[in-house]
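The block underneath contains the structure these notes are about, expressed in structure tokens.
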Amino acid sequence: MPNESINDTESIDELVNTYDALLEQIQFPISFDEAMVLVQIFPENAFYDLQWSLLKLVESVCVDDENKYIQLINSCPSQEWRDTLNARYANYKKAQEVK
């Protein structure tokens, strides 16, 4: 998948729409192995907003072991999205403590 550009052609837009439709068809929750594959797709740069679909999917994983989930987050190649996943996980944990 190319990085997002102002000069994208219509064929790129069609490809992005295809990827978006495929990502939206994936049922929650996903397995840990599926999450490990998807987390590798996070880009360093803009990704046609598909990164939000990836984020939803990765966060849907059911993992009982906190260390395993942190391992999943740390395997993300994008520092920005790794930081986002960590922050969102920290917020989730705080919300669980309040309950």
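Each Lys and Arg contributes +1 and each Asp and Glu -1, all at the Cβ; summed about the Cα centre of region 10-98, the dipole is approximately 420 debye. Ranking F47, V16, I30 by how far each Cα lies toward the positive end of the dipole of the chain (charges on Cβ) leaves I30 at the top. Normalising the average separation of contacting C-alpha pairs (under 8 angstrom, six or more residues apart) by the number of residues puts the relative contact order of region 10-98 at 32 percent.
The radius of gyration of the Cα set in the chain, together with its Dmax, comes out at 14.7, 49 angstrom. Projecting label points 7 angstrom from Cα along Cα→Cβ for Q27 and K94 puts them 3.5 nm apart.
Bear in mind these aren't lab numbers, they're just calculated from the coordinates by the rules spelled out. Keep in mind it's a predicted model, so treat the numbers as computed, not measured. Positions of Cβ are backbone-derived with ideal geometry, glycine not excepted, and every protein chain shown enters the neighbour counts.
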